[in-house]
Each structure stands twice: as structure tokens, then as C-alpha cells.
Amino acid sequence: MITRNTLPSIPERYPLACQWEITCRCNLRCVMCYTDCFNRPEKIREELTTTEIFRIMDELAEAGCIELALTGGEPLARSDFFDIYEHAKAGGFLVTLLTNGTLITEEIADRLASLPPHHIEISLHGITERTFELVTQGNGSFARCMRAIGLLCDRKLPLLLKTTAMTVNSDEVLTIKRYVNGLQESGHRVGYKLGEKIRLTLDGSDAPGLLALSDEELENLNRQDAELWTEACRNQTSEATPCTSGMGRFHIDAYGQLQLCSGNRRRGYDLRHGSFKEGFYQYLPTFPCSRKAEQHVTLIQPSASHA
Amino acid sequence: MRMDKIYAKNDDFVQREVAGECILIPIRRQLTDVNSLYVLNETGSALWRRMDGKTPVQAITLDFLNEFDVTQAQLEKDVAALLEDLLSIHAIREAGQTP
């Protein structure tokens, strides 16, 4: 058996990694959320059904897609979440689950542990109940989120905790980071990521932008922690390089629109009525992106053993 | 490695085609635990497809002699090595044995 660090022979343009926003429904109403505007019954009724998701997912597998990030909204808010998740796992996808954690019970943690995802990413926007729930606007959500982190750590599932830095929580970011460092020192597989981007909502409102930190405030925050500062510098470098979305990575929204990425929904290809291969190979390359240029695709590149 | 043995696939592995490669993905263990995806070569891929829990290795190997330009001795050596690899990662088990 020969061990290798990368999957070999992947063409420059290949549908390897999908971020799929399987719903905009959510049990929380986070103040900076860009999907919450579609968290209402008439929009939820337009979302892809289980059958449609299965059919599209099978097309992704057939096309060679292997990384699948299930996001929302809150993916676990879908009553058919585990049908979707288990279909993805049975299809051989490396599944990452992006969640607010507050719906994760002991039973759900056990279910995830029995069929483990590649990663679970949890939004942790405060380390005190007051700040956390100021962001989520959900009573009891802090306790539920912290409990979920504990349940998943106990089951040795790999976690990434993420905070969006805003005016309302910036004074807790370093404490959150210290909390994560403490988990790591206790042997848990937990990473941390500080997000800085606050987007327009899907219906075009820039209201969440009022919560954004200024560039100077962000820099001051990042400079207070060596790892955050290193990451901020790395992100600045990558922002200067051309965008690679649509090359190896792509996005599907809750209504079946294939898009370049979650941050660029200017154009979409309707997977309800067309095939994934047609959308990816014929339409996606024509979609506009202001940062687009030819470039190699970076992927998770799981190590591979050659039998 | 006895060629009259029968092997069955472990349901905890899923086979996928990615960019022309045949990959085995463990679905009940984390990649960080197994630290690998397993890429099968042409013979390995063909062997995996034919392993049905009913057909002895010898019969599969005889079929391969008609498909691949290889001597029986070399093929048996290759198949034995592949079976060792697949057994070592628990992707297959002897038919009749508890998973």
C-alpha cells in the first residue's frame, strides 16, 4: 500500500466540492444572518423536497463530487435532515455539517457519531449568555449550544467553532478563542475560525452591515492574538488573488439554483429542470464574478493510500 | 492467501469514481482516524466490483486472465497483495464471518 497526500489526476476544472444550503429555515434569528429573510413559510414551501435533493445529490456523486458541506439556515431544522445526511454518507460524500448547534440533543449527537461527518462547524457568536442571545435572539440558545459542543466533544467528533466578529460581540472574541484553546488542551479536536464578513441579506438589505466592525477595529482585534493575526494576514493575501469558485467548488441554494458560491448569487442554473453536469460544465463558467481568473483549485486533498 | 476463499465487501466502505480513480471511502470511521482514502488500481477496482460474497477468488482470477494481459502467476501475486491490503483496512472479510 502506497500512501499519498493528495488525490491524483484531478482536472483543473472538476466538481469536487459542493456547499449546499439545504434550507433557509432556522430556529434562531441571528441579527447578522443573510438567509433569515427567507425563513418564512411561503419561501420554505419553495425549497427543494427530499426527493429532489436525493436526485441532485446522486447527480453530484455521478459527476465525481466528493466534498459536501450541508448548511442553511439551520440544516437540522429540516425534519428530513437525517434522511439527507444518511443519503449523502451512503453516497460516499465527505460531509461537513454547518449548524448553530442548538438543536443537537444527546440522541442526535449519538446518531452523528455512529455515522461521523468529516467535520461539524458550529457558530459560537458569544461566550456569555447575554451576548450570545443578543446575537441569536433565542432564549436558552446559549445553554443549548454549549451543551451541543460538549456532547460532540465527548463523542470525539471533529469540530470547528466560528464567530462572526461584530460590534455586539467583539469584546468576547478573545475569550471565545481562549475557550477553544482550553478544549484543545484537554485533547478535543476543535478548531477556531473568526469570520469578518457580514453580507447583504438574500433579499438585498444591507441592515446587517450596521453591525460590522471597521477595518481598524478588526485589525486591532486580530492583532491581540498571534493565530488570529496570522490568519488575518493570510486572508488578506488570498483576497488579492483571483477567485476560484466554480472551478472545483460550487454552491447550491435551497431552491436548487447552482451558483458560483454562496457570496455570488447573481446568476443561477436551475437544477430542478436541468442536469448538474450541464449546469456545471456549460453554464457555471459563463457566470459573472468580479474576482474571477484562471487558477488552480485548492481542495482539502485528503491523503490517499494506493492499493 | 488461499485462492479458494470467498470474500465479501464490508458495507462500511463505499466505492466512488472520482476523476477516473476508484476510491474506497470508509463511512463509519472518520478520515482523521483512518487518515486515508483508498485508491484502487485497475485490477483492484475490477476485483472490488466482482467481490460478491459468493464467488471464490480463484474464479474471479480466472475471469481476469481473459481481461488483462498478464500471466497467471503474476495475477495471483497481485490479487493476493490486493486482498491483503483490503483485509488490512477491513474493507473486506471472509464470507460467512461476522462483520
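The values are calculated or read from the model by the stated rules, or taken from the named source; none is laboratory data. Being a predicted model, the structure only gives us computed values, none of them experimental. Heads up, the Cβs are rebuilt from the backbone with ideal geometry, glycines too, and the neighbour counts pull from every protein chain shown. Remember, those area values only see protein heavy atoms, side chains included, never the ligands or the DNA or RNA. Shrake-Rupley method; radii C 1.70, N 1.55, O 1.52, S 1.80 Å.
Below 12 angstrom from the Cβ of A:Gly195, what's the summed charge of the other residues (Lys, Arg +1; Asp, Glu -1)? Computed value for this residue: +1. Most simply put, chain A has about 20% antiparallel DSSP beta bridges, counting only bridges with both residues inside it. Across segment A:33-175, the relative contact order, built from alpha-carbon pairs under 8 Å that are at least six residues apart, equals 21 percent. From the Cα gyration tensor of segment A:188-298, with a ≥ b ≥ c the square roots of its eigenvalues, which class applies: rounded if a/c is under 1.5, or else prolate if a/b is larger than b/c, or else oblate? Because a/c hits 1.5 or more and a/b exceeds b/c, segment A:188-298 counts as prolate. The slack in the chain from A:Gln184 to A:Glu278, taken as 0.36 nm per residue of separation less the alpha-carbon distance, amounts to 29.4 nm.
Does chain A classify as rounded, prolate or oblate by the C-alpha gyration tensor (a ≥ b ≥ c root eigenvalues; a/c under 1.5 gives rounded; else a/b over b/c gives prolate, otherwise oblate)? Because its axes are fairly even, with a/c under 1.5, chain A counts as rounded. Rounded to the nearest Hz, the phi-derived 3J(HN,Hα) couplings of segment A:30-38 under the Karplus curve 6.51 cos²θ - 1.76 cosθ + 1.60 (θ = phi - 60°) are 4, 5, 9, 5, 8, 9, 4, 4, 9, where x marks glycine and proline.
For segment B:15-87, a Kirkwood radius taken over Cα pairs fed into Stokes-Einstein (37 °C, viscosity 0.692 mPa s) yields D = 246 µm²/s.
For A:Lys193, a cut-off of 21 angstrom between C-alpha atoms picks up these lysines, skipping any fewer than 8 places away in its own chain: A:Lys156, A:Lys162, A:Lys177. For a modelled paramagnetic label at A:Thr50, 7 Å from Cα along Cα-to-Cβ, the residues of segment A:87-123 in reach, with backbone nitrogen under 14 Å, are A:87-88. Which shape class applies to segment A:193-247: rounded if a/c is under 1.5, otherwise prolate when a/b exceeds b/c and oblate if not, where a ≥ b ≥ c are the square roots of the Cα gyration tensor eigenvalues? Oblate, because a/c is 1.5 or more while a/b does not exceed b/c. For segment A:56-186, the fraction of 1.4 Å probe accessible surface lying on carbon and sulfur atoms is 48 percent. Peptide packing: for A:121-127, A:141-147, the average count of neighbouring Cβ atoms within 10 Å per residue gives the ranking A:121-127, A:141-147, highest mean first. By the Cβ distance rule of under 4.7 Å, chain A has these cysteines without a partner: A:Cys18, A:Cys24, A:Cys26, A:Cys37, A:Cys65, A:Cys145, A:Cys153, A:Cys233, A:Cys243, A:Cys261, A:Cys289. On the beta carbon distance between A:Ser290 and A:Ala143, with R0 = 41 Å, the FRET formula returns roughly 0.45. The distance between label points at A:Ser205 and A:Arg267 comes to 3.0 nm (points 7 Å beyond Cα on the Cα→Cβ vector).
Distances between placed amide hydrogens fall under 5 Å for B:Ala95 paired with B:Ile6, B:Tyr7, B:Ala8, all partners being 5 or more residues away or on another chain.
For segment A:1-104, the list of GluC sites (Glu not before Pro) that fall in a loop by DSSP and count at most 12 other C-beta atoms within 10 angstrom reads A:Glu12, A:Glu46. For peptide B:21-28, the mean count of partner chain Cβ atoms within 10 Å of a residue's Cβ comes to 5. Taking the accessible area of segment B:46-99, probe 1.4 Å, and keeping the other protein chains in place, the carbon and sulfur fraction comes to 47%.
Phi angles of segment B:67-76 translate, via the Karplus equation with coefficients 6.51, -1.76, 1.60 and θ = phi - 60°, into HN-Hα couplings of 9, 10, 7, 7, 6, 4, 4, 5, 4, 5 Hz per residue; Gly and Pro are given as x. Placing a pseudo-label 7 Å from each Cα along the Cα-to-Cβ vector at A:Ser9 and B:Glu94 gives an inter-label distance of 3.5 nm. Remark: segment A:263-275, residue by residue, has Karplus-estimated 3J(HN,Hα) of x, 9, 10, 4, 10, x, 10, 7, 6, 5, 10, x, 8 Hz, where x stands for each Gly or Pro and the curve is 6.51 cos²θ - 1.76 cosθ + 1.60 at θ = phi - 60°.
Distant-in-sequence amide contacts of A:Leu160, defined by a placed amide H-H separation under 5 Å and a gap of 5 or more residues or a different chain, comprise A:Ile120, A:Glu121, A:Ile122, A:Gly191.
Within the straight-line cut-off of under 15 Å between alpha carbons, the aspartates and glutamates reachable from A:Lys197 are A:Asp206, A:Asp215, A:Glu216, A:Glu217, A:Glu219, A:Glu231, A:Glu239, sequence neighbours fewer than 8 places apart in one chain being disregarded.
Pairing chain B with chain A buries about 2300 Å² of accessible area. This figure sums both sides and uses a 1.4 Å probe. Subtracting the Cα-Cα distance of A:Arg40 and A:Lys193 from 0.36 nm times their residue separation leaves 52.1 nm of extension gain. Taking every residue in A:89-97 and counting other chain Cβ atoms within 10 Å of its Cβ, the average works out to 4. Accessible area per residue for the protein assembly as shown, computed on protein heavy atoms with a 1.4 Å probe, is 46 Å².
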